[in-house]
Amino acid sequence: MPRPPKRPTGRSPARAPGHAPKSGRAPRPDRGGEETGRIRPGAEADTPRHPRGDAPHKPSRGRPAVTATDAAPEAPRPGAGAGSGAYWIYGQHAVIAALANPLRKPRRLLTTAEAETALRERFSGPWRVTPERAERSRFGTFLPEDAVHQGIALLAEPLEPVALEDAIEASEGPVLLLDQVTDPRNVGAALRAAAAFGAAAVVLQDRHAPPETGALARAASGTLDVVPVVREVNLSRAIATLQKHNFWVLGLAGEAKRTLAEAAPRDRRVALVLGAEDSGLRRLQRETCDELVRLPMAEGVESLNVSAAAAVALYEIVRR
């Protein structure tokens, strides 16, 4: 005989339609590393977080449910970003330069009330991202502890790679090559010098140079979005490419016989190759350069910081 139908138990369905599943927490940022603020691939920066974690909000009885749009926006964490390599650019100069660069892809812009006022006074648009208001204390949740952010931060994708040939065709300035300079502050300062003296590009070795991060952008003070950065696997091959385009390539070495002022030609474009302060130029780069030159310095001073040497050398080239 047929079974009688089961009586309802009164239980609610396991999950109502549209109910958001509980997501895992993003990993906590490493505040000690220069990569702090880099975005985890595949995550979504615009997804608001629940005030007590990632669980969905449960409305209390007799009160209307609070939607995500009713709550104040949360400042995103490093692990809750958008894009495969998006990172936070911070500081007024760096953010304004990134917003003004049509090749930069912005994702989110967070500002304090004061910083937004200053930004609108200095930047007239076009606005490709809408500023979001955030308390100053929020910036410490996704930026390094020592970040001088001035109340403004832009989540943006890294710039697309630039080909060396395209960079030297777009500008008539000199080219600066950095041989295994790994400190982002030195690379950023060298970019500032390159921008100041009209360099066509700064060439870095791909495997032995800092990645594009907020620390590098901050040190460059906006010039990361002004001077093309070329990354080459083989730096000596890049030197050979420049020589084929009629560049005279000079490598800076303290033991060189002639000074830069004595050796720099006046009828050809110049490329300068600088090594790290502790190790200098490597053997292959020395052999590939057209000539090794030095900067005249007082006795007792062995070398300059690489970014300071870059500024002096570029000035010597462009003042001719």
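Computed from the coordinates by the stated procedures, all read-outs in this text should not be read as laboratory data. Bear in mind that the values here come from a model prediction, so they are computed numbers and not experimental data. Cβ atoms come from the backbone with ideal geometry, glycine included; neighbour counts cover every protein chain shown.
Quick query: amide H of Trp248 versus all other amide H atoms, modeled in the peptide plane; which residues come in under 5 Å with a sequence gap of 5 or more or a different chain?
Arg269, Val270, Ala271
Which order do the peptides 189-200, 215-226, 96-107 come out in when sorted by mean C-beta neighbours inside 10 angstrom, highest first? Walk me through the numbers on the way to the answer.
On the way: 189-200: 22.4, 215-226: 24.2, 96-107: 17.3.
For the peptides 189-200, 215-226, 96-107, the packing ranking is 215-226, 189-200, 96-107.
Going toward the positive end of the dipole of the range 195-293, with +1 on Lys and Arg Cβ and -1 on Asp and Glu Cβ, which of Thr288, Val203, Leu235 do you reach last?
Result: Thr288.
What order do you get for Ile239, Ile168, Ile89 when you list them from fewest to most C-beta neighbours inside 10 Å? Could you put the intermediate results ahead of the total?
Values: Ile239 26, Ile168 23, Ile89 30.
Fewest to most other Cβ atoms nearby, the residues stand as Ile168, Ile239, Ile89.
Output wanted: per-residue J couplings in Hz (rounded whole) for the range 295-302, from phi through Karplus 6.51 cos²θ - 1.76 cosθ + 1.60, θ = phi - 60°, x for Gly and Pro.
Running phi through 6.51 cos²θ - 1.76 cosθ + 1.60 with θ = phi - 60° gives 9, x, 9, 5, 4, x, 10, 7 Hz.
Mind checking the dipole of the range 178-271: about its Cα centre, +1 per Lys or Arg Cβ, -1 per Asp or Glu Cβ, Debye to the nearest 20? Spell out each step's value before the answer.
Details: 12 positive and 9 negative charges, 43 e Å.
The calculation lands at about 200 debye.
In whole Hz, with x marking every Gly and Pro, tabulate ³J(HN,Hα) for the range 276-282 from phi via Karplus 6.51 cos²θ - 1.76 cosθ + 1.60, θ = phi - 60°.
5, 4, 7, 10, x, 6, 7
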